[in-house]
Amino acid sequence: VGKSVLLQSLAGLPSLKDSGIAASGSWSFVDADGQAIASRSRPSIGFVFQSLALFDDLSPVDNVRIGIDHQSTRRDARIPQDWLDEFQVPAGVRTAHLSGGQRQRLAIARSL
C-alpha cells in the first residue's frame, strides 16, 4: 500500500470505508527477532496534520481540550494546562499569535 493508505488504516480513519478499501484484523510491530513490541486490534493513535489544523479563534487551552474531549477512552487525567506547561506553550497568548514552533508544540500536545 501507499504511505497515505497505510497511515489512514493505522489511525482507523473513516475515509478508508468511503474509498472502497476494507481492512480487518489487527496489527503488530515486531523487533528484529520477531518478538511483538506492540499490538492491538484498534490502535490508539493521535496524529498531527502537516498544516497543524489549529483553531486560531480558540485559546491554546481550548485547542488542547478538544483533543482531550475527543479521546475514545480517558487514558490520562491531565488537564490542558499540564500539557501546555510540558510543551512550553503560553496559555495567555492567542493561538493565532503563537510562533511557528509554539504552534507545532501545541498541535502535538492536542494530539497526545
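Computed quantities for the displayed model
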read-out: Residue in segment 35-50 that is modelled with the highest pLDDT, counting only those that are open to solvent by less than 70 Å² (accessible area, probe 1.4 Å) and assigned to a loop (DSSP other than H, G, I, E, B); value: Val48
read-out: Options Pro80, Pro60; residue that is open to solvent by less than 50 Å² (accessible area, probe 1.4 Å), more than 23 Å from Gln8 (Cβ to Cβ) and either at pLDDT 90 or above or of a type in the set (A, V, I, L, M, F, W, C) (or both); value: Pro60
read-out: Arg94 being in contact with a Leu (Cβ under 6 Å, 6 or more places away or on another chain), of a type in the set (D, E, K, R) and at pLDDT 70 or above; value: no
read-out: All positions within segment 84-98 that are under 17 Å from Ala53 (Cβ atoms) and assigned to a loop (DSSP other than H, G, I, E, B); value: Phe87, Val89, Arg94, Leu98
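Residue-by-condition table, conditions (1) open to solvent by 70 Å² or more (accessible area, probe 1.4 Å); (2) modelled with pLDDT of 70 or more; (3) assigned to a loop (DSSP other than H, G, I, E, B); (4) closer than 19 Å to Pro80 by Cβ:
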position	(1), (2), (3), (4)
Leu6	yes, yes, no, no
Gly25	no, no, yes, no
Phe29	yes, yes, no, no
Asp33	yes, yes, yes, no
Leu52	no, yes, yes, yes
Phe55	yes, yes, yes, yes
Ile68	no, yes, no, yes
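The values are calculated or read from the model by the stated rules, or taken from the named source; none is laboratory data. Nothing here was measured: the structure is a model prediction, and the numbers come from that model. Glycine also receives a Cβ, built like all others from the backbone with ideal geometry; neighbour counts cover every protein chain displayed. When the accessible area is computed, the model is the full protein with side chains, heavy atoms only, and any ligands, DNA or RNA have been set aside. Shrake-Rupley method; radii C 1.70, N 1.55, O 1.52, S 1.80 Å.
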